[in-house]
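Report on one structure; see the data block that follows.
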Amino acid sequence: MPSITVAPQDGRSYEVLIEAGALRRLPALVPAGRGTIGIIADDRVFGLHGVAVEAALRGTGRPVIVASFAAGEASKTRETKAGLEDALLDAGLGRDGVVVGLGGGVATDLAGFVAATILRGVAFIAAPTTLLAMVDASIGGKTGVNHRLGKNLIGAFHQPRAVVADLDVLATLPAAELDCGLAEMVKHVLVGGDEAGLDRLVAAAPAMRRLELPALADEVARSASIKARYVALDAREAGARAALNAGHTIGHGIERASGYGVSHGSAVAIGLVAEALAASRLGVLEERDARRVREAVIAAGLPDRLPAGVSPARVLEATAFDKKRLGGEPRFSLLAAIGRPARDAAGAFTIPVPPAITLEALEQLA
Ligand SMILES: NC(=O)c1ccc[n+]([C@@H]2O[C@H](COP(=O)([O-])OP(=O)(O)OC[C@H]3O[C@@H](n4cnc5c(N)ncnc54)[C@H](O)[C@@H]3O)[C@@H](O)[C@H]2O)c1
Ligand SMILES: [Zn+2]
């Protein structure tokens, strides 16, 4: 079974299990003890896969409780977190308790944040059920909720004890959600793989969409190990981990400018292309590599153009808004080559990009 080790410098290391049927191993992965196990899942995922997980965990003989919330990003709030905490505490979860986050990135971010703060921190296990959560959100210990002023503004670092990626659960995942994961996988290869890896991922995309197991297992493992490598380098996002924001500065601008009508994955795919064009215009990335990025996005079946009604000027404005809130000039996580993030003269993994360059890149994609 493919298994990847994540070894954050400041904490214990853990395994990411990637396998069809991996959820059956969940009971064996729960840290020893008698404490209550709290499953946190969105209602949709719980309905599809939760009952089996709950039954398996009951087999440990420990008390098991389920705390669910309404599926969707809109639930990633402090209010939802408080409700989940009430449910766990009312049911008697103690310091020896374990929180299992079952679902996509919303569930693993929320459950991880609950685990980070309840009783000042209990053990957390992530059971990601979207492709995005398997290769990205469940790995690395970033947990949190959104605020009306922006995404993920409140949170904590809390590494899981294990990540259990059961490829079988992808059978029920809507195609558009699979594409979101694919976009992040393209990003991973671009910041931590190489040209051959990019070719391989793109070639595997149709088989992955058909949920063919060898292709899925291989590519999920490759992508998860790139994420794991960045987490090992920089668990608290003080430096290198910023490279994982590739495509996301413009991507977030596209999401915002479209009133969140464009999915995160589509926005990241377009963002990767736009940022590659900007990088080549700045002389940071060779033109040939920028073309490679665009070809790969197209070949993976992901969008490379702004949808009708989302103008370059609006995206620029939305991108600037995002950055201004964080203070200072707009800085992007750009590529220096396929597989290599760009760094500035001081070694930082972000590069300032003048608005005129961003606009020019976006206009090429209108
Ligand atoms: N912590 C991190 O490092 C990190 C990294 C990337 C993204 N994220 C976060 O992840 C979130 C996005 O995650 P996501 O795309 O997984 O979204 P999500 O959790 O909302 O899941 C998407 C949808 O798919 C459904 N779903 C999940 N698994 C399913 C399955 N197996 N079958 C059928 N339906 C299923 C969910 O109910 C939901 O409706 C964002 O909030 C983002 O901020 C976090
Ligand atoms: Zn993303």
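Any read-out appearing in this document is the output of simple, stated calculations on the displayed coordinates, not a laboratory observation. Everything numeric in this text was worked out from a predicted model, so none of it was measured. Cβ atoms come from the backbone with ideal geometry, glycine included; neighbour counts cover every protein chain shown.
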Any chance you could give the angle, 0 to 90 degrees and rounded to 10, that helix 287-299 forms with the longest Cα principal axis of the chain?
50
Averaged over all directions, how much area does the convex hull of the C-alpha atoms of the chain cover when projected, in nm²?
16.5
Using a Gaussian network model of the chain whose springs link C-alpha atoms within less than 10 Å, name the residue from S225, S280, S13 with the highest mean-square fluctuation.
S13
Mind checking which of G50, G33, G247 has the largest fluctuation in a GNM of the chain, springs on alpha carbons under 10 Å?
G33
Measuring from the longest principal axis of the C-alpha atoms of the chain, the long axis of helix 78-90 (C-alpha) lies at a number of degrees, nearest 10, equal to 20
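Kindly give the semi-axes, whole Å and largest first, of the ellipsoid equivalent to the stretch 266-366, taking each as the square root of 5 times a Cα gyration tensor eigenvalue.
On the way: eigenvalues 79, 69, 23 Å².
Sorted largest first and rounded, they come to 20, 19, 11 Å.
For the chain, what is the relative contact order in percent, using Cα pairs closer than 8 Å and at least 6 residues apart in sequence? Please report the intermediate quantities before stating the final value.
Numbers: 753 pairs, mean separation 56.6, N = 366.
Rounded, it is 15 percent for the chain.
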Cα long-axis angle, helix 175-192 against the chain (0 to 90 degrees, to the nearest 10):
70
Along the Cα-to-Cβ line of R161, 7 Å from the Cα, sits a label point; which residues in the stretch 46-85 have backbone N less than 16 Å from it?
57-65
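List the relative contact order of the stretch 245-366 as a percent without decimals, with contacts defined as Cα pairs under 8 Å and 6+ residues apart. Intermediate values should be presented prior to the final figure.
Values: 197 pairs, mean separation 37.5, N = 122.
Averaging sequence separation for qualifying contacts and normalising by length gives 31 percent for the stretch 245-366.
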Rounded to the nearest 500, what is the chain's calculated 222 nm mean residue ellipticity when only DSSP H runs of at least 4 contribute -39500 (n - 2.57) each, over all residues?
-13500 deg cm²/dmol
Length gained, A175-R24, 0.36 nm per residue minus C-alpha separation, equals 51.9 nm
So what is the relative contact order of the stretch 15-84, in percent, for Cα pairs below 8 Å that sit 6 or more residues apart?
36
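How big, in percent, is the set of alpha carbon pairs in the stretch 1-125 lying more than 26 Å apart?
The answer is 17 percent, as a whole percent.
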